[in-house]
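Taking it in order: structure first as structure tokens, then the write-up.
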Amino acid sequence: MMELDHIAIAGETLSAAVSYVQETLGVAMQPGGEHAVFHTHNKLLGLHDGLYLEAIAVNPAAPAPDRARWFDLDRFSGPARLTNWICRCDDLDAALEVLPDGFGAPVQLQRGDLRWRMAVPQSGVLPFDNCAPALIEWQGDAHPAPRLGAGGCRLERLEVQHPDALVLAEMLAPLLQDDRVSFVQGDPGLKAGLDVAGTKAVLG
């Protein structure tokens, strides 16, 4: 019912998030856009296997939203880092029905011809200290990844670390089957290992 869709690097500014990605991976990011409702903006990087990476931050040129921003960006501070992983669902409502409360309610979003629904908690904070995946349902055939090209980058592993990581793993097991994703007990955080044209890199 769920597949890994993309990963998100947050920054206090978009330029900080982009710089972190580009300096770590040694590849240039591509244009993204602005997000209505949450008033954020991003840049994108295509990965192999139909995945992509986004660098995201609060858009200082946009007004304050009337609700908490997604990805807990209202409280973000410090250096740019990997903060979220996003899984796509064919039926977002069905996925939310079998998961505990806290994953959020669907919000309808659009940018250009891209249309999607994303489950966003009213507080902006995802379960397990933001280590649980955000859930997305793309509507129609349009998706960012095919437009970006892979750029020589492949996600090899995604490590989800949390004191209750095994509880999260058990919760997601019926819905997500992906050998790249592992769950490790420890302080909350995410780490992604990538192969960039034969060179190993880590985003954390």
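Search the structure for amide H atoms under 5 Å from the amide H of F183, placed 1.01 Å from N in the peptide plane, and list their residues when 5 or more places away or on another chain.
V160
Sticking with the crude label model, points 7 Å out along Cα→Cβ, report the distance from D90 to E34 in nm, one decimal please.
3.7
Among V181, V58, S19, whose Cα lies farthest out toward the positive end of the dipole of the chain, if unit charges sit on the beta carbon of Lys, Arg (+1) and Asp, Glu (-1)?
S19
Quick one: length gained pulling Q177 to Q139 fully straight, 0.36 nm per residue minus the C-alpha distance?
Residue separation times 0.36 nm, minus the Cα-Cα distance, leaves 11.5 nm.
Determine the distance separating the Cα centre of the range 157-172 from the Cα centre of the range 79-134; give it in Å without decimals.
That distance is 16 Å.
Can you work out ³J(HN,Hα) from phi for every residue in the range 126-141, in order, using Karplus 6.51 cos²θ - 1.76 cosθ + 1.60 and θ = phi - 60°, giving whole Hz and x for Gly and Pro?
For the range 126-141, the Karplus curve yields 7, x, 6, 6, 6, 8, 6, x, 7, 10, 10, 10, 6, 10, x, 8 Hz.
Net charge near N42: determine it from the other residues with C-beta under 9 Å of the C-beta of N42, scoring Lys and Arg +1 and Asp and Glu -1.
My count for the surroundings of N42 gives -1.
Could you list K191, K200 so that the one with the fewest beta carbons within 10 Å of its beta carbon is first and the one with the most is last?
Taking fewest neighbouring Cβ atoms as first place, the list is K200, K191.
Mind listing the phi-derived Karplus ³J(HN,Hα) values for the range 11-22, rounded to whole Hz, using 6.51, -1.76 and 1.60 with θ = phi - 60°, and x for any glycine or proline?
x, 5, 9, 5, 5, 5, 5, 5, 4, 4, 5, 5
Over the range 2-203, what is the relative contact order in whole percent, taking alpha-carbon pairs under 8 Å and six or more residues apart?
Relative contact order of the range 2-203: 22 percent.
Please report I86, I7, I56 as a ranked list, fewest other C-beta atoms within 10 angstrom at the top and most at the bottom.
Least crowded to most crowded, the residues run I86, I7, I56.
Given labels modelled 7 Å from the Cα in the Cβ direction, how far is it in nm from Q122 to Q22?
Output for this residue pair reads 4.1 nm.
Quickly rank 102-108, 182-188 as a protection proxy: mean count of other C-beta atoms within 10 Å, highest first.
By packing density, highest mean first, the sequence is 102-108, 182-188.
Using a Förster distance of 22 Å, how high is the FRET efficiency between K200 and E12, based on the Cβ-Cβ distance and rounded to 0.05?
Between K200 and E12 the formula returns 0.20.
At 0.36 nm per residue, and after removing the present C-alpha to C-alpha distance, how many nm does the segment from Q185 to A169 gain when stretched out fully?
4.7 nm
I'd like the projected area of the chain, averaged over all directions, using the convex hull of its alpha carbons. Report it in nm² with one decimal.
10.4
No lab work stands behind these numbers, since they all come straight from the coordinates. All of these numbers come straight from a predicted model, not from anything done at the bench. FYI the Cβ positions are ideal-geometry reconstructions off the backbone, even for glycines, and counts take in every protein chain you see.
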